[in-house]
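Encoded as structure tokens, the structure appears first; notes follow it.
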Amino acid sequence: MRTVAATLVVLAVLYFCLFSRLDAIGLVGPDEPRYAWVARAMQESGDWVTPRLYDRPWLEKPPLYYWGAAAAFALFGENEVSARLPSAVAALLAVLALAWTARRQYGAAAAFVVLLIFPSSIGVLGFARGASTDMVFSSALALAMCAAAELVLRPTSSPSPARWAQAMLGIFLGAAVLAKGPAGVILAGGSVVCWALLTGQWRRAIRPLHPHVLVWFALTAMPWYVLCAQRNPEFVNVFLLAHNLQRYLTPVFRHEQPWWFFGPVLLLGLLPWTALLAGAVREAWRGWQQWRQSASAFFLCWAAFPLLFFSASQSKLPGYILPAVAPLALVMAASVSRSIENDRRTARWLLASAGGTMVVLVLTAGGWLERLPPESGLTEARELLPWLGIAAGAGVASLLLALAYRGRAALVVLALSLAGLVEVANRVVLPRLDPYLSARATARMLADDAALRASLHAYRLHRAWHYGLNFYLERELPQWNPTEPGPAWVVTSQEGLEEMRRQGRSIFALPAHSPRAVLVRAE
């Protein structure tokens with residue numbers, strides 16, 4: 001594939017998958033509006049040390065995401081694009097680092113493949129477009145992995161490693177600790193130890209402990225931890241003990257899942273490229289002794305250890321396994337690019353399976369369409385049917401190209417079709433779902449009346465909507481107490497509305513702007 005055409009394909013995939021219409025839907029879930037609030041408060045107050053939620057210290061997470069979002073708010077305004085930009089930029093940096101590492105370890109063909117499959121995998125698509133710490137943390141670890149590879153995979157007989165590789169490892173590992181905490185060191189260290197156990201290369205495995213690495217790590221991560229602990233005496237108990245140690249060892253935060261939870265989640269996160277993983281497994285199976293001394297074994301350990309580590313945790317959320325996606329994408333890209341060059345039959349069935357996966361996903365779209373709110377007008381799929389047909393056609397085309405031994409063309413068609421689907425979702429699907437998934441539209445309606453906005457209360461409101469309204473209305477809505485006399489404007493859910501009626505209060509419900517939030521006048 002010619003350089004100009006390949007560059008245009010890569011740019012299209014990166015733009016549409018990571019950056020296009022980041023504001024297609026308002027902030028969703030309980031985390032996005034809270035993280036965005038903390039970042040906005042940081043930017044407005046000028047206090048870049050203590051994260052604050054509703055004017056109170058909020059020490060659950062370190063500040064790296066907040067710093068990025070606060071800077072974006074200052075540059076581009078307080079909006080969804082700014083809130084989600086740190087995750088998108090982090091994903092971009094990760095994929096560029098993966099491509100650079102792929103080129104050095106495997107060649108230009110592998111670099112091109114990883115530029116296509118990493119940003120278009122479902123796990124990256126979801127978290128790179130979200131206002132949360134997960135992608136920032138995972139990308140920092142991916143960058144640290146690429147720097148560690150420069151140190152660990154260097155032959156013993158080669159000259160001393162460049163100081164820049166040591167500096168980059170220390171800085172990126174420090175960034176991971178600033179993104180989510182001590183888990184960054186645990187995952188990186190455990191992955192290298194896992195590789196040393198696999199290969200017996202302990203002398204190489206200790207290279208990341210070089211004093212230069214440790215100094216850069218300390219300079220990057222430690223200043224914030226020291227300052228935050230000095231200003232907030234409760235920091236150690238809240239952050240280190242409750243939200244790291246206790247979260248891992250106990251189900252106190254009610255995120256319980258079976259031990260095997262992350263296996264299926266990881267396979268789903270790699271869709272539609274999951275089938276390419278079989279090529280890497282096949283390589284390891286057929287030439288184990290040679291494979292375990294290869295670069296792929298090192299990168300695979302960076303996927304295996306997070307899977308093992310978080311599977312043992314008593315708290316499990318899908319985002320925890322995101323650090324495993326980048327190394328798997330790198331290994332998959334190396335495997336499929338080698339197959340295209342040297343083992344066309346293997347490449348044929350690997351890429352045909354990926355194209356077939358796309359077709360299956362489209363054909364099963366009716367299942368998830370039925371779960372959408374009927375009021376959105378999307379459940380009958382009439383408007384989406386042409387787009388789904390195009391996506392299915394792209395999957396079939398990719399499958400046929402693979403069967404015709406046109407491996408690179410199959411990859412390009414599938415990656416571009418995924419990028420196109422993301423754009424269709426941003427322009428057609430997500431705006432329709434916005435009133436049902438986000439509090440943005442409801443907040444805009446309520447914000448038109450300044451007096452109403454200032455006197456609103458919340459009652460029995462789902463916490464995602466409560467936090468969302470807090471962010472968009474720029475105030476913490478107090479909880480309404482049914483025993484309080486006098487009239488009040490209350491935002492509640494349908495369940496809360498029925499409960500208010502059973503309490504015998506005289507109420508007047510305005511037409512619902514969303515089934516998740518009802519505006520009520522309680523007399």
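Points to keep in mind about this one:
- The stretch 444-468 - residue that is touching a Lys or Arg at 6+ places or on another chain (Cβ under 9 Å) and of a type in the set (A, V, I, L, M) and, of those, modelled with the highest pLDDT: Ala464
Residue by residue, here is whether (1) of a type in the set (A, V, I, L, M); (2) touching a Gly at 6+ places or on another chain (Cβ under 8 Å); (3) surrounded by fewer than 23 Cβ atoms within 10 Å (Cβ to Cβ) holds:
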| residue | (1), (2), (3) |
| --- | --- |
| Leu240 | yes, yes, yes |
| Glu256 | no, no, yes |
| Leu277 | yes, no, yes |
| Gln293 | no, no, yes |
| Leu317 | yes, no, yes |
| Leu328 | yes, no, no |
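- The selection criterion, being under 26 Å from Pro223 (Cβ atoms) and either at pLDDT below 95 or surrounded by fewer than 16 Cβ atoms within 10 Å (Cβ to Cβ) (or both), holds for Ser45.
- Unique residue being modelled with pLDDT of 90 or more, surrounded by fewer than 16 Cβ atoms within 10 Å (Cβ to Cβ), among the β-branched types (Val, Ile, Thr) and closer than 26 Å to Arg56 by Cα when the list is Val226, Val193: Val226
- The residues of the stretch 412-445 that are over 24 Å from the mean Cα position of the chain (by Cα) and surrounded by 20 or more Cβ atoms within 10 Å (Cβ to Cβ), listed by number, are Val413, Thr442, Ala443.
- Among the residues here, Leu22 qualifies as assigned to a loop (DSSP other than H, G, I, E, B), under 20 Å from Thr133 (Cα atoms) and touching a Lys or Arg at 6+ places or on another chain (Cβ under 6 Å).
- Options Arg204, Arg154; residue that is surrounded by fewer than 24 Cβ atoms within 10 Å (Cβ to Cβ), in a helix (DSSP H, G or I) and at pLDDT below 95: Arg204
- Here Arg432 does not qualify as part of a helix (DSSP H, G or I) and within 20 Å of Ala36 (Cα to Cα).
- Residues that are buried (at least 22 other Cβ atoms within 10 Å of the Cβ), modelled with pLDDT of 95 or more and hydrophobic (A, V, I, L, M, F, W, C) are absent from the stretch 338-347.
- When the stretch 161-181 is limited to residues that are modelled with pLDDT under 95 and under 13 Å from Ser138 (Cα atoms), the one that is surrounded by the most Cβ atoms within 10 Å (Cβ to Cβ) turns out to be Lys180.
- For the criterion of being more than 20 Å from Ala165 (Cα to Cα), touching a Leu at 6+ places or on another chain (Cβ under 8 Å) and in the same structural domain as Ser311 (by TED's automatic domain parsing), Phe262 passes.
- Any hit, the stretch 73-89, residues being touching a Gly at 6+ places or on another chain (Cβ under 8 Å) and not in a helix (DSSP H, G or I): no
- Where a residue in the stretch 25-40 is closer than 16 Å to Phe76 by Cα and its partner, wherever it lies, is of a type in the set (Ser, Thr, Tyr) and assigned to a helix (DSSP H, G or I), with Cβ under 7 Å and at least six apart: Ala39/Tyr66
The values are calculated or read from the model by the stated rules, or taken from the named source; none is laboratory data. Note that the structure is predicted; figures quoted are calculated from it, not measured. Note that each Cβ is placed from the backbone with ideal geometry, even for glycine, and that neighbours are counted across all protein chains shown.
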